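One structure is given here, and the rest of the page talks about it.
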């Protein structure tokens, strides 16, 4: 006889559910994700189905946190909201919710209920078949996409693909168009603000498309405003900001995007006021805490550039920066960008031990952090050693780590600039400094000038014949040149 439990497990594995989407819990800060989802529920953010999705996703988080009873209650609340929101059109939107309930009941040992929910999903799929067994319903693609988008940045490409699949089936759906626009906005590289490109980016085009369908979405309006600033289209951007504030002025997401807009435009006080208001609405937002810190950092930098500058004001702005960054890191201990900024500020404040502790925390989080943020951490750590501990060897090591990552970013250029300055200074002090020549060789290679790199490594080898690493670098470069 076959094992009924084994048969049930086989059926469960066929379901579309957060339990089958390969969400790796070891990669995510569950407490921070839980806080963000609870904020979405409390503030009732997003379109019609957003609250139900947040309840379902929060249920999965509660399961991962070892709170299955609360998870069941949250999923039941999600089902209730879905039925109220969509009426007769609710069934396809319950495919994932029932899939999650089936898995949750299985993991808690309630196999009868698990089978019941599993059967409910199978009945929906029979009633509403798709064109192919490999094609999902757009509601499932949408649920999957939003889950990936909220889970972790490394999952964004999967989210984009799911939104694209949903839009193939429902090209004019406002929810999938908005989600796709947000996903593209988050993943698209930022321009410097001096772009002369005539062709708008994919994110900009998709934001316009989503706003054609739903012109009253404050988040999309504020995102498009920020994109237009990158193209120096300030007049249209200003109009979008005014519209967003009129339509959705109490939405903390709108407030934080528009605060960023004001900061870019040099209107720091308006930016700070908006962020403070946003913080009143969502007290546990690490992002908003970080944005406030960046406003105060800008004030600190401006004061430091004055002649004469007020040390008292510099200290005041630094203290506020540290206060908000400390809070951001408490809320989200894996927030590497905030950690890097906070560590360097502690270095400026001469609290070197706290700074070093934070940099080590940042390094621990690098394996799950995107390369551009890793580069920021290496640059900040290098600056800490260069300017505050005066440990040049450690500074060179960190600048070099930053150089090995994403090319042609502002951080990459800073690492290259500092390494060149250090090497040239050392050669002015000792024209036979082999390590300085090797550094310049590394820079030339990173910049794509391999012939120059060969010449510099040859000079390094002339100064010190015993360095195998110079020979290895030369062999690799000559092989590539051939």
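The values are calculated or read from the model by the stated rules, or taken from the named source; none is laboratory data. Quantities reported herein were computed from a predicted structural model and do not represent experimental measurements. Cβ coordinates were reconstructed from backbone atoms using ideal geometry, including for glycine residues, and neighbour counts include every protein chain displayed.
Can you find a residue that is closer than 18 Å to residue 56 by Cα and assigned to a helix (DSSP H, G or I) anywhere in segment 130-139?
yes
Taking segment 18-64 on its own, how many of its residues are in a loop (DSSP other than H, G, I, E, B) and modelled with pLDDT of 95 or more?
4
Which members of segment 156-174 meet the condition of being crowded, with 24+ Cβ neighbours inside 10 Å and over 25 Å from residue 28 (Cα atoms)?
166
Does residue 166 qualify as being more than 25 Å from residue 32 (Cβ to Cβ) and touching a helix residue (DSSP H, G or I) at 6+ places or on another chain (Cβ under 6 Å)?
Values: more than 25 Å from residue 32 (Cβ to Cβ): yes; touching a helix residue (DSSP H, G or I) at 6+ places or on another chain (Cβ under 6 Å): yes.
For residue 166, the condition - more than 25 Å from residue 32 (Cβ to Cβ) and touching a helix residue (DSSP H, G or I) at 6+ places or on another chain (Cβ under 6 Å) - is met.
Of everything in segment 277-302 that's touching a helix residue (DSSP H, G or I) at 6+ places or on another chain (Cβ under 8 Å) and not in a helix (DSSP H, G or I), which residue is farthest from residue 257 (Cα to Cα)?
From segment 277-302, those touching a helix residue (DSSP H, G or I) at 6+ places or on another chain (Cβ under 8 Å) are 277-279, 281-282, 284-300; that's our starting set.
Still in the running and not in a helix (DSSP H, G or I): 282, 284-285.
On the way: 282: 14, 284: 17, 285: 14 Å.
Going through the qualifying residues, I end up with 284.
Only one of (1) surrounded by 22 or more Cβ atoms within 10 Å (Cβ to Cβ); (2) in contact (Cβ under 8 Å) with a residue 60 or more places away in the chain fails for residue 370. Which number is that?
(1)
Can you confirm whether residue 253 is closer than 22 Å to residue 285 by Cβ and either in contact with a helix residue (DSSP H, G or I) (Cβ under 9 Å, 6 or more places away or on another chain) or at pLDDT below 95 (or both)? So that I can check it myself, show each step before the final result.
Working: closer than 22 Å to residue 285 by Cβ: yes; either in contact with a helix residue (DSSP H, G or I) (Cβ under 9 Å, 6 or more places away or on another chain) or at pLDDT below 95 (or both): yes.
Criteria met by residue 253.
In this structure, is residue 275 under 17 Å from residue 341 (Cβ atoms), without any contact (Cβ under 8 Å) to a residue 24 or more places away in the chain and surrounded by 20 or more Cβ atoms within 10 Å (Cβ to Cβ)? Can you show your working first?
Values: under 17 Å from residue 341 (Cβ atoms): yes; without any contact (Cβ under 8 Å) to a residue 24 or more places away in the chain: yes; surrounded by 20 or more Cβ atoms within 10 Å (Cβ to Cβ): yes.
Judged against the criteria, residue 275 is a match.
Does residue 424 satisfy the condition of being surrounded by 15 or more Cβ atoms within 10 Å (Cβ to Cβ), at pLDDT 95 or above and part of a helix (DSSP H, G or I)?
Numbers: surrounded by 15 or more Cβ atoms within 10 Å (Cβ to Cβ): no; at pLDDT 95 or above: yes; part of a helix (DSSP H, G or I): yes.
No.
Sort out which residues of segment 315-358 are part of a helix (DSSP H, G or I), within 26 Å of residue 390 (Cβ to Cβ) and out of contact with any helix residue (DSSP H, G or I) (no Cβ under 7 Å at 6 or more places or on another chain), and write them in order of number.
Passing the criteria: 315, 319, 353, 356, 357.
Restricting the search to segment 50-85, which residues are in contact (Cβ under 8 Å) with a residue 40 or more places away in the chain and either surrounded by 21 or more Cβ atoms within 10 Å (Cβ to Cβ) or touching a strand residue (DSSP E or B) at 6+ places or on another chain (Cβ under 9 Å) (or both)?
Passing the criteria: 52, 53, 56, 57, 59, 60, 63.
Quick one: what pairs do we get from segment 90-117, first residue on the phi < 0 side of the Ramachandran plot, second part of a loop (DSSP other than H, G, I, E, B) and surrounded by fewer than 19 Cβ atoms within 10 Å (Cβ to Cβ), C-beta under 6 Å, 6+ apart or different chains?
What qualifies is 92/128.
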